[in-house]
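Below you'll find the structure, written out as structure tokens, and then a few comments.
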């Protein structure tokens with residue numbers, strides 16, 4: 001079964017490798033045809049999960065070639081409504097009439113993204129969690145009027161990829177995961193920027209107090225500063241968004257880069273807090 005992944009960022013890379021490991025024929029599209037960052041992420045994912053190392057992937061800078069005869073077109077591009085709307089208007093024209101059209105959006109509603117499509121109810125959200133080989137949940141969410149058979153078809157795809165699908169019967173912004181997670185991250189950032197504690201201090205209280213493996217800043221490292229910066233910018237936190245984006249541009253954008261709020265060794269294990277963020 002052929003799958004086209006539209007986008008080549010951190011989560012797109014994970015989805016592509018996970019699908020390839022389950023026997024899907026995967027093509028990854030980058031609109032610039034530049035796979036430098038993608039190849040770095042492929043190496044990082046392989047260092048974290050050996051079963052995903054060395055999986056065959058086709059790379060292309062042509063949307064026509066990517067979609068071609070694909071059975072599944074899964075968009076995992078930047079979390080920008082305009083970009084996604086433009087992509088799906090084009091994807092709908094290129095894709096087979098029976099192909100699944102999916103978005104990995106973490107916050108935007110399928111009804112928003114599908115505006116301008118000739119058949120908007122074709123679009124279904126299939127939202128994966130980061131480090132999907134470990135956190136293998138996938139949220140499946142449609143729109144008002146999406147046929148239940150289509151939602152079940154997408155859930156079946158999730159199972160075929162080794163995921164645990166959860167169908168969300170009533171659309172909600174942020175889906176389930178981020179509706180819970182974002183307020184938690186906001187609280188951690190507010191405590192830090194308010195001068196109440198360091199990132200490591202906040203995480204230590206949370207992980208020891210609850211038994212959770214990561215606190216808010218460890219989670220931000222896994223999510224990556226690029227994604228966090230986009231979300232913060234959209235919500236008006238420009239100063240912090242600009243700082244995180246600058247760190248990401250300098251190659252210090254979280255766990256995948258080896259440096260974020262924490263420092264990481266070659267295996268991806270955290271070795272301690274990053275002193276640059278602790279003052």
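The values are calculated or read from the model by the stated rules, or taken from the named source; none is laboratory data. Quick caveat, the model's predicted, so the values are computed rather than measured. When we count neighbours, we look across all protein chains shown, and the Cβ atoms used for this are built from the backbone with ideal geometry, even at glycine.
Structure values in brief
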| item | result |
| --- | --- |
| When residues of the stretch 77-86 are limited to those that are part of a helix (DSSP H, G or I) and within 17 Å of the chain's Cα centre (by Cα), the one nearest to residue 120 (Cα to Cα) | 84 |
| Any hit, the stretch 134-152, residues being buried (at least 18 other Cβ atoms within 10 Å of the Cβ) and part of a helix (DSSP H, G or I) | yes |
| Subset tally (residues that are surrounded by fewer than 18 Cβ atoms within 10 Å (Cβ to Cβ) and touching a strand residue (DSSP E or B) at 6+ places or on another chain (Cβ under 8 Å)) for the stretch 15-34 | 2 |
| Any hit, the stretch 200-217, residues being modelled with pLDDT under 95 and more than 24 Å from residue 46 (Cα to Cα) | no |
| Residues (surrounded by fewer than 19 Cβ atoms within 10 Å (Cβ to Cβ) and in contact with a helix residue (DSSP H, G or I) (Cβ under 8 Å, 6 or more places away or on another chain)) located in the stretch 153-164 | 162, 164 |
| Out of 95, 118, sole residue that is modelled with pLDDT of 95 or more, more than 20 Å from the chain's Cα centre (by Cα), buried (at least 20 other Cβ atoms within 10 Å of the Cβ) and closer than 26 Å to residue 152 by Cβ | 95 |
| Boolean, residue 247 is in a helix (DSSP H, G or I), within 26 Å of residue 80 (Cβ to Cβ), touching a strand residue (DSSP E or B) at 6+ places or on another chain (Cβ under 9 Å) and free of Cβ contacts under 8 Å to residues at least 40 places away in the same chain | yes |
| Selection from the stretch 180-204 of residues that are without any contact (Cβ under 8 Å) to a residue 12 or more places away in the chain, loosely packed, with under 13 Cβ neighbours inside 10 Å and in a helix (DSSP H, G or I) | 180, 183, 190 |
| Residue 52 being over 25 Å from residue 150 (Cβ atoms), touching a helix residue (DSSP H, G or I) at 6+ places or on another chain (Cβ under 7 Å) and outside the structural domain of residue 226 (by TED's automatic domain parsing) | yes |
| Any chance residue 74 is more than 27 Å from residue 46 (Cα to Cα) and not in a helix (DSSP H, G or I) | no |
| Filter result (surrounded by fewer than 20 Cβ atoms within 10 Å (Cβ to Cβ) and either touching a strand residue (DSSP E or B) at 6+ places or on another chain (Cβ under 9 Å) or not assigned by TED's automatic domain parsing to the domain that holds residue 228 (or both)) within the stretch 265-274 | 265, 270, 271, 272, 273 |
| Of the criteria (1) in contact with a helix residue (DSSP H, G or I) (Cβ under 7 Å, 6 or more places away or on another chain); (2) at pLDDT 95 or above, which one residue 130 fails | (2) |
| Search result, residues across the stretch 106-133 that are within 30 Å of residue 53 (Cα to Cα) and part of a loop (DSSP other than H, G, I, E, B) | 106, 107, 129, 130, 131, 132, 133 |
